[in-house]
Amino acid sequence: MNNVDETVLVSLCPDPVIGVDGSGVVQLFNAAAEKLLGYSAEEVIGKVSIASIYPSLEEAKEIKRLLLSDSYGKPGSIEGYEAKLACQDGAVVPIRLSAAIVDKDEGGSIGFFHDLTERQSLEQQLHKLSVTDELTGLFNQRHFYTVMAQELDRAKRYNHALSLICFDLDNFKNVNDSLGHLEGDRVLRLIGEILRETLRASDVAVRYGGDEFMVLLPETDIDAAAKTAERIRVMFNSKCSFSVDQDTESLIKVSVSLGVTETNGMENPDQIVQRADLAMYESKSLGGNSTFLIKQHIGNLVQTNSA
C-alpha cells in the first residue's frame, strides 16, 4: 500500500477505496472515499478504525469473518458483498464491497466500495411503478392479491379480524359519455385523494379495475370497516362536483356503492372478494349511495342507512 504507483492508481479510482493495516486502522483513503463519507483523508488515516465507518461493530466483525471465509469469494477476499457505510453526518449509504487481504503476515487489507444509492433508488422507483396504478396513485390489482395473501395468513395466525371494502361509482359511465374521459379521470383521481386522506397507514387502497376499488383493512372488524366505508361515501359526496349531494343543475349525478365484509383468515382471497363484490351490488340494487354489509356467513345481511 506504500508503493507510489499503486497510490496514484487508487487516487484516480472513481469508487471509494479504503485500506487498513492488521489492526483495522485506516492507512489508505482516496478522494472518492472522502466524497462519499464526508471525512478528509487527514482525519482518518492512521487515526480511525475501519469498524467505526460501518453502522455497527457487528457489521464490521461480519465483514472480517467473511474476508477469512469463502462465502463471498476465495478465502482472503470478498467479491460483491452488499453492506452499508456510515457517513460523517450520520447518513448511511448502501455499498457493494470487494476486498482482499494484501499483507498475509500483518493482515492488512484493501477494499473497493461501490455506492449503490442510485441503483437502489431506481429499483425502488421501478417497484413502485410495478405495484401502482398510474392514474390514481393507488396500488394495483396485482399488488392487492400479494398483500391479501399476507394479511389472510396474519389474520389466521393471530386470530385477528380482516375486513374488505369493495366499491364502485354509480352512473360513472354517464360522466365519460357526456363529459369525456378527461373529466372521468378527474373523478377517479379524486377517489385516490379521498382514500389517502381517509385511511390509516396500515390500510391498503387499490384501484381494482375501471371504476372499481378495494380497501383492505387489517385488524378491523366489519362494524369498524362499515364506519370507514361511510366516511369514504360522505367525503366523496362532499368533494365531487357531480355527486348526488351537490346542489347543481348538472344532469349527471354520481355516487358510490360500497360493500363490506370481514374474514377470520380461514378463506381464500377469491371467496372474500366475491362476498365484498356481492355486498357492493346489493348496495347498487337498492339505489346506490349506500354501504351494504355481508358478514362471513353469507346469510347474515346488514344494510346501513344512507345519509
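Per-residue ellipticity at 222 nm from helix content only, as computed over the chain with -39500 (n - 2.57) for each DSSP H run of at least four residues, stands at -13000 deg cm²/dmol. For the pair the stretch 216-248 / the stretch 145-184, the C-alpha centres are spaced 13 Å from each other. For the stretch 82-188, the set of trypsin sites (Lys or Arg not before Pro) satisfying both a DSSP loop assignment and a count of at most 15 other C-beta atoms within 10 Å is given as 104. Annotation: amide H-H contacts under 5 Å for residue 132 (H modelled 1.01 Å from N, sequence separation of 5 or more, or interchain): 140. Computed over neighbours whose Cβ is under 15 Å from that of residue 220, the net charge equals -2, Lys and Arg +1, Asp and Glu -1.
Between the helical axis of 181-198 and the longest alpha-carbon principal axis of the chain there is an angle of about 70 degrees. Residues whose amide H comes within less than 5 Å of that of residue 296, counting only those at least five positions distant or on another chain, are 262 (H built at 1.01 Å from N in the peptide plane).
Relative to the dominant Cα principal axis of the chain, helix 222-239 is inclined by about 80°. Modelled spin labels at residue 181 and residue 238, positioned 7 Å past Cα toward Cβ, are 3.3 nm from each other. For Rg and Dmax of the Cα atoms in Å, the candidate list reads (i) 22.4, 72; (ii) 28.9, 89; (iii) 21.1, 87; the entry that matches the value derived from this model is (ii). Computed 3J(HN,Hα) for the stretch 18-33, one whole-Hz value per residue from the Karplus formula 6.51 cos²θ - 1.76 cosθ + 1.60 where θ = phi - 60°, is 10, x, 10, 8, x, 8, x, 7, 5, 10, 9, 8, 7, 4, 5, 5, glycine and proline marked x.
Helix 117-131 and the longest principal axis of the C-alpha atoms of the chain enclose an angle of approximately 20°.
If exposed means no more than 12 neighbouring beta carbons inside 10 Å and the site is in a DSSP loop, what's the longest run of the chain without any exposed GluC sites (Glu not before Pro)? The segment 135-248 is the longest one with no such site.
Just so you know, all these numbers are worked out from the coordinates, no wet-lab data involved. Note that the coordinates shown come from a computational prediction; the quantities given were computed from them, not determined experimentally. Virtual Cβ from ideal backbone geometry, glycine too; neighbours counted across all protein chains shown.
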